[in-house]
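> Dropping a structure here in structure tokens format, bear with me for questions.
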Amino acid sequence: MNKYYRWTQVIIMLAFGLYLAERLWSGAVFFYINERFLPLIAFGALGALVLAGGALWLARQNNEYDHHHHDHDHDHEHAHAPQRFPLGTVLLAALPVLLGVLIPARPLGATAIDQKGLNMTGPLTVSGGAAATKLEIAPEKRTILDWMRAFNYAADPAEFTHQPADVVGFVYRPEQLADTQFLVSRFVVTCCAADGSAVGLLVEWPEAAGLEENGWVRVRGPVSVGALDGRPIPLITAASIEPVPQPDQPYMYP
């Protein structure tokens with residue numbers, strides 16, 4: 001085997017393991033997957049580093065063998081055909097790491113809603129006692145997902161009128177909304193970002209037009225029943241809105 005290929009294998013596996021480890025350390029890995037898969041990613045990073053160590057040991061052993069064999073060939077004047085470097089295979093193996101490094105890690109946001117649409121029903125349901133537990137959360141402790149669940153389970157959403165909401169999400173402004181309205185939104189991820197669904201609460205705020213699209217905000221105010229595309233949706237008449245940093249975990253889980 002071409003000795004340069006051996007060392008390239010070591011570098012690629014080491015780079016892949018370090019890339020996964022860095023994404024775990026920074027938390028950016030959760031921009032792509034549900035947090036319950038953390039053990040698998042950690043195992044993958046460790047496995048890649050172990051394989052890199054094994055490949056390094058083999059490369060050094062083979063290098064010593066090649067050196068000894070080269071000296072032996074000089075004594076016997078044997079001729080060997082040169083081995084080609086498998087550039088295509090190397091580039092294919094290195095592609096995941098290259099894409100991960102070159103493309104900035106960022107969570108799904110307003111642009112993704114334009115592509116995927118807003119999910120008004122699922123994945124919002126939970127089974128059995130878990131559903132009751134979610135509805136028993138104090139109003140000011142409910143997340144955007146909790147409020148959507150509460151409205152979905154309620155026989156009459158008007159029962160939530162005047163309850164206080166205190167939620168964090170990013171600003172999304174569909175074209176059909178008035179200048180004084182926007183959606184405070186989050187993505188719900190079941191498995192990975194590919195199956196992410198956006199949920200949001202309608203917000204009424206006189207200065208809504210001045211808010212940065214996709215910027216993260218904390219919204220507080222009483223809830224009433226609004227409508228979006230003919231469906232009932234929680235409407236917060238904002239008493240206060242403040243910009244906040246993007247949460248370490250921007251997604252919610254059903």
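The values are calculated or read from the model by the stated rules, or taken from the named source; none is laboratory data. Note that the structure is predicted; figures quoted are calculated from it, not measured. In this analysis, Cβ positions are derived from the backbone assuming ideal geometry, glycine residues included, and neighbour counts consider all displayed protein chains.
> How many residues does the stretch 154-195 hold that are of a type in the set (Phe, Trp, Tyr) and closer than 14 Å to Ala112 by Cα?
Residues of the stretch 154-195 of a type in the set (Phe, Trp, Tyr): 160, 170, 172, 182, 187.
Those left that are additionally closer than 14 Å to Ala112 by Cα: 170, 172, 187.
Residues that pass the stated criteria total 3.
> Say whether the condition of being in contact with an Asp or Glu (Cβ under 6 Å, 6 or more places away or on another chain) and either assigned to a helix (DSSP H, G or I) or crowded, with 18+ Cβ neighbours inside 10 Å (or both) is met by at least one residue in the stretch 196-216.
Looking through the stretch 196-216, at least one residue is in contact with an Asp or Glu (Cβ under 6 Å, 6 or more places away or on another chain) and either assigned to a helix (DSSP H, G or I) or crowded, with 18+ Cβ neighbours inside 10 Å (or both).
> For the stretch 222-230, check the following and say yes or no: at least one residue is crowded, with 21+ Cβ neighbours inside 10 Å and within 29 Å of the chain's Cα centre (by Cα).
Our first condition is that a residue be crowded, with 21+ Cβ neighbours inside 10 Å; within the stretch 222-230, this holds for 223.
Going one step further and asking which of them are within 29 Å of the chain's Cα centre (by Cα), we end up with none.
Checking the stretch 222-230: not a single residue is crowded, with 21+ Cβ neighbours inside 10 Å and within 29 Å of the chain's Cα centre (by Cα).
> Condition test on Glu213, is it in contact with a helix residue (DSSP H, G or I) (Cβ under 8 Å, 6 or more places away or on another chain) and either over 19 Å from Leu145 (Cα atoms) or not assigned by TED's automatic domain parsing to the domain that holds Trp147 (or both)?
For Glu213, the condition - in contact with a helix residue (DSSP H, G or I) (Cβ under 8 Å, 6 or more places away or on another chain) and either over 19 Å from Leu145 (Cα atoms) or not assigned by TED's automatic domain parsing to the domain that holds Trp147 (or both) - is met.
Per-residue answers, yes or no, for (1) among the hydrophobic types (A, V, I, L, M, F, W, C); (2) in contact (Cβ under 8 Å) with a residue 40 or more places away in the chain; (3) touching a Ser or Thr at 6+ places or on another chain (Cβ under 6 Å):
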| residue | (1), (2), (3) |
| --- | --- |
| Glu175 | no, no, no |
| Phe182 | yes, no, no |
| Val188 | yes, yes, yes |
| Val203 | yes, no, no |
| Glu212 | no, yes, no |
| Gly221 | no, yes, yes |
| Gly226 | no, no, no |
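> Is at least one residue of the stretch 177-193 buried (at least 18 other Cβ atoms within 10 Å of the Cβ), at pLDDT below 95 and part of a loop (DSSP other than H, G, I, E, B)?
yes
This table checks each residue for (1) in a helix (DSSP H, G or I); (2) at pLDDT 90 or above.
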position: Val97; (1), (2): yes, no
position: Arg106; (1), (2): no, no
position: Pro123; (1), (2): no, no
position: Thr133; (1), (2): yes, no
position: Ile137; (1), (2): no, no
position: His162; (1), (2): no, yes
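Quick grid of which residues meet (1) assigned to a strand (DSSP E or B); (2) on the phi < 0 side of the Ramachandran plot; (3) of a type outside the set (A, V, I, L, M):
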position	(1), (2), (3)
Asp146	no, yes, yes
Ala158	no, yes, no
Pro234	yes, yes, yes
Gln246	no, yes, yes
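> Okay, next question. Over 30 Å from Leu40 (Cα atoms), part of a helix (DSSP H, G or I) and in the same structural domain as Gly117 (by TED's automatic domain parsing): does that describe Asn152?
Here the answer is yes, as Asn152 does meet what is asked.
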